[in-house]
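Student: Pasting a structure here, questions to come.
The values are calculated or read from the model by the stated rules, or taken from the named source; none is laboratory data. Nothing here was measured: the structure is a model prediction, and the numbers come from that model. Note that each Cβ is placed from the backbone with ideal geometry, even for glycine, and that neighbours are counted across all protein chains shown. The area values use the complete protein model at the heavy-atom level, side chains included, leaving out ligands, DNA and RNA. Shrake-Rupley method; radii C 1.70, N 1.55, O 1.52, S 1.80 Å.
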Amino acid sequence: MNEERIAHGAAVDGAFQVIPRAEHGVSRKRISTGALRVLYRLHESGFRACLVGGAVRDLLLGGHPKDFDVATDATPEQVRALFRNCRLIGRRFRLAHVVFGREIVEVATFRGSGDDGNGDRHLVDGRIVRDNVYGTIEEDALRRDFTINALYYDIADFSVRDAVGGMADLQRRVLRLIGDPAQRYREDPVRMLRAARFAAKLGFEIAPETAAPFADLGPLLAEAAPARLFDESLKLFMAGHGLASFRELERHGLLGHVFPETAKALAHDADGAFRRLVERTFASTDARVREDKPVTPAFLFAALLWGPACRRAQAAIDDGADAATAWQNAAARVLREQVQRVAVPRRFTLVIEEIWAMQPRFAQRTKKRVLRLLGHPRFRAAYDFLMLRADDSPELAELGAWWTQAQEATEVELSETLQALPPTVDAAVDGAPRKRPRRRRRGRRRGGAAATVADAAD
Ligand code: ATP
Ligand code: MG
């Protein structure tokens, strides 16, 4: 099998095709100083030392790796003995972290074939076992996920070593799982999400045989650890290629296994408004990531789950519930169900609830409420969310424009614009909760920014 793939001038070493320095684009200039020091020190001490995984892939593609992983035949203890600035982490499979100022180089001993790579504990008769964790470099290559993630840059001769046809797949821009795809997904279903993520990040096509098992094995994602699915969601959606990831997940029928209610709401989205909201949110998050602006997953999840929350609330309202209660219950239920699958931490679900709860309040433009909303700690996120919704609705666009001005206005100007509003503006919009108008309690508090901030906090 390897013979066919041997490039011009390449040699073979065991299972590996060896691509000499002159024939690949990995230059030491683009490897971090920390990683180079680790590689050289290991090599000088008689160990095998290779750069591996995402760093080699990204260097070959001409990109800038965000971190550098090293693989070696030295045991973690031997690595620690070589570096003062080294700590060992992990229980079953121990890794060495070598620290250089702000850079951390992860050093892993070659893993054996018994390792399923998913980081979960391996149980035999209910006991955690640590069997056959270490192996040869060949075994280490075969237990990796995609061929393009299994390339080794060997510091001994600056060659790239390829046991799985990764170089050819890089050139063809194809993402191909190593080994039998169905078996590899059974070992670790999260690999299906990783396929979608790398396809999105690199603009690669998923090989047909690698995508084929998604339809049958997608449901296995329900068994993945919710905390891991949250981490994976961040890598899919918060790394600058969120929109592309979302499209890959949808295209391959994987979205519903991670965000079931979102997939359902998209399927019932007759006018396409929800899809446009989701896509705009991803596009704006991607733009912010590119510009190095802060982003929060709460905002993104607020958009992804907005459709489901609207659907739930509307169903309850149709059954006769009052809007405020219907909305509160819908929000709580949608979030409760979602966190069972993707463990979104409480600090984010709280913000999601606040962003949602503030949407109907934007329509309630009385002076006291306006000042209170402007002073709300989550005003900015809720306003940004309103603006994304407004892109699709002239009614909301007017409201959004008003709030854009309100943020700049002095209190006197604000009073004037409030007086100019028609009396009917205190209405619910877009299926969002309508609060029963409360009778004004006079004289309890004076309006004014200081009082309002305190107001919002209680
Ligand atoms: P990124 O640039 O997104 O970090 P990466 O390729 O470095 O991409 P990581 O998740 O950091 O991805 O993993 C590092 C390497 O470990 C991968 O390149 C791959 O070789 C291997 N790996 C990671 N997760 C798995 C998995 N679930 N199954 C098999 N191999 C894996
Ligand atoms: Mg990485």
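Student: Do any helices (runs of 4 or more DSSP H) entirely within the range 319-375 hold 3 or more residues that are closer than 30 Å to L234 by Cα, and if so, which? Outline the logic, then answer.
Tutor: Details: elements: 323-341, 346-361, 367-374.
Output list reads 323-341, 346-361.
Student: Looking at the range 295-305, can you tell me whether even one residue there is aromatic (F, W, Y) and more than 17 Å from the chain's Cα centre (by Cα)? Full working, then the answer.
Tutor: Initial filter on the range 295-305 (aromatic (F, W, Y)): 299, 301.
Filter again for more than 17 Å from the chain's Cα centre (by Cα), leaving none.
No, the range 295-305 contains no residue that is aromatic (F, W, Y) and more than 17 Å from the chain's Cα centre (by Cα).
Student: Does D73 qualify as being open to solvent by 10 Å² or more (accessible area, probe 1.4 Å), out of contact with any strand residue (DSSP E or B) (no Cβ under 6 Å at 6 or more places or on another chain) and acidic (D, E)?
Tutor: Details: open to solvent by 10 Å² or more (accessible area, probe 1.4 Å): yes; out of contact with any strand residue (DSSP E or B) (no Cβ under 6 Å at 6 or more places or on another chain): yes; acidic (D, E): yes.
Against the criterion (open to solvent by 10 Å² or more (accessible area, probe 1.4 Å), out of contact with any strand residue (DSSP E or B) (no Cβ under 6 Å at 6 or more places or on another chain) and acidic (D, E)), D73 qualifies.
Student: Just one of (1) away from ligand 1 (no atom under 16 Å from the Cβ); (2) surrounded by fewer than 18 Cβ atoms within 10 Å (Cβ to Cβ) trips up A227, so point out which.
Tutor: Status for A227: all satisfied but (1).
Student: From the list Y153, Y185, which residue is of a type outside the set (A, V, I, L, M) and within 12 Å of ligand 1 (Cβ to nearest atom)? Spell out the reasoning first.
Tutor: Numbers: Y153 fails: within 12 Å of ligand 1 (Cβ to nearest atom).
The unique qualifying residue is Y185.
Student: What's the number of the only condition in (1) surrounded by fewer than 19 Cβ atoms within 10 Å (Cβ to Cβ); (2) within 21 Å of C310 (Cα to Cα); (3) of a type outside the set (S, T, Y) that V344 fails to meet?
Tutor: Every listed condition holds for V344 apart from (1).
Student: Restricting the range 78-94 to residues that are in a helix (DSSP H, G or I) and open to solvent by 80 Å² or more (accessible area, probe 1.4 Å), which is nearest to ligand 2 (Cβ to nearest atom)? Lay out the reasoning, then the answer.
Tutor: Pass one, the range 78-94, residues in a helix (DSSP H, G or I): 78-82.
Filter once more, keeping what is open to solvent by 80 Å² or more (accessible area, probe 1.4 Å): 80-81.
Values: R80: 22, A81: 26 Å.
My answer is R80.
Student: Among the residues in the range 5-12, are any over 24 Å from A168 (Cβ atoms), open to solvent by 40 Å² or more (accessible area, probe 1.4 Å), in a strand (DSSP E or B) and of a type in the set (V, I, T)?
Tutor: In the first step, residues of the range 5-12 are kept if they are over 24 Å from A168 (Cβ atoms); the result is none.
Among the residues of the range 5-12, not one is over 24 Å from A168 (Cβ atoms), open to solvent by 40 Å² or more (accessible area, probe 1.4 Å), in a strand (DSSP E or B) and of a type in the set (V, I, T), which makes the answer no.
Student: If only one of E354, E398 is open to solvent by 10 Å² or more (accessible area, probe 1.4 Å) and within 30 Å of D231 (Cα to Cα), which one is it? Spell out how you get there, then give the answer.
Tutor: Working: E398 fails: within 30 Å of D231 (Cα to Cα).
After ruling out the rest, the residue left standing is E354.
Student: Let me ask something additional. Within the range 272-289, can one find any residue that is surrounded by fewer than 20 Cβ atoms within 10 Å (Cβ to Cβ) and assigned to a loop (DSSP other than H, G, I, E, B)?
Tutor: yes
Student: Got at least one residue in the range 27-47 being at pLDDT 95 or above, within 14 Å of ligand 1 (Cβ to nearest atom) and within 14 Å of A156 (Cβ to Cβ)?
Tutor: No, the conditions are met nowhere in the range 27-47.
Student: Kindly evaluate Y153 against the criterion of being open to solvent by less than 20 Å² (accessible area, probe 1.4 Å), of a type in the set (F, W, Y) and under 23 Å from L42 (Cα atoms). Lay out the reasoning, then the answer.
Tutor: On the way: open to solvent by less than 20 Å² (accessible area, probe 1.4 Å): yes; of a type in the set (F, W, Y): yes; under 23 Å from L42 (Cα atoms): yes.
Judged against the criteria, Y153 is a match.
Student: Here's something else I'd like to know. Mind listing whichever residues of the range 46-63 are more than 22 Å from E138 (Cβ to Cβ) and either without any contact (Cβ under 8 Å) to a residue 24 or more places away in the chain or more than 28 Å from the chain's Cα centre (by Cα) (or both)?
Tutor: Within the range 46-63, D58, G63 qualify.
Student: Sort out which residues of the range 330-368 are among the charged types (D, E, K, R) and under 23 Å from S393 (Cα atoms), and write them in order of number. It would help to see each step written out before you state the result.
Tutor: As a first pass, look at the range 330-368 and keep what is among the charged types (D, E, K, R): 333, 336-337, 341, 346-347, 353-354, 361, 365, 367-368.
Result: E353, E354, R361, R365.
Student: If S233 satisfies every condition in (1) of a type in the set (G, A, S); (2) under 19 Å from R341 (Cα atoms); (3) within 16 Å of ligand 2 (Cβ to nearest atom) but one, which is the exception?
Tutor: Here S233 meets the rest and fails (3).
Student: Okay, moving on. Which one of A263, A267, A287 is modelled with pLDDT of 95 or more and within 22 Å of V344 (Cα to Cα)?
Tutor: Details: A267 fails: within 22 Å of V344 (Cα to Cα); A287 fails: within 22 Å of V344 (Cα to Cα).
Answer to the check: A263.
Yes or no, residue by residue, for (1) among the small types (G, A, S); (2) in a helix (DSSP H, G or I); (3) under 22 Å from V56 (Cβ atoms):
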{"position": "Q183", "(1), (2), (3)": "no, yes, no"}
{"position": "A200", "(1), (2), (3)": "yes, yes, yes"}
{"position": "L217", "(1), (2), (3)": "no, yes, no"}
{"position": "L221", "(1), (2), (3)": "no, yes, no"}
{"position": "S233", "(1), (2), (3)": "yes, yes, no"}
{"position": "E248", "(1), (2), (3)": "no, yes, no"}
{"position": "T262", "(1), (2), (3)": "no, yes, no"}
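Student: Within the range 61-72, can one find any residue that is in a helix (DSSP H, G or I), among the aliphatic types (A, V, I, L, M) and either within 16 Å of ligand 1 (Cβ to nearest atom) or out of contact with any Lys or Arg (no Cβ under 6 Å at 6 or more places or on another chain) (or both)? Outline the logic, then answer.
Tutor: At the first step, the residues of the range 61-72 found to be in a helix (DSSP H, G or I) are none.
Checked against the condition, which is being in a helix (DSSP H, G or I), among the aliphatic types (A, V, I, L, M) and either within 16 Å of ligand 1 (Cβ to nearest atom) or out of contact with any Lys or Arg (no Cβ under 6 Å at 6 or more places or on another chain) (or both), the range 61-72 yields no hits at all.
Student: On to the next question. Go through the range 216-258 and report how many residues are closer than 21 Å to Q183 by Cβ and of a type in the set (K, R).
Tutor: Counting residues in the range 216-258 that are closer than 21 Å to Q183 by Cβ and of a type in the set (K, R) gives 1.
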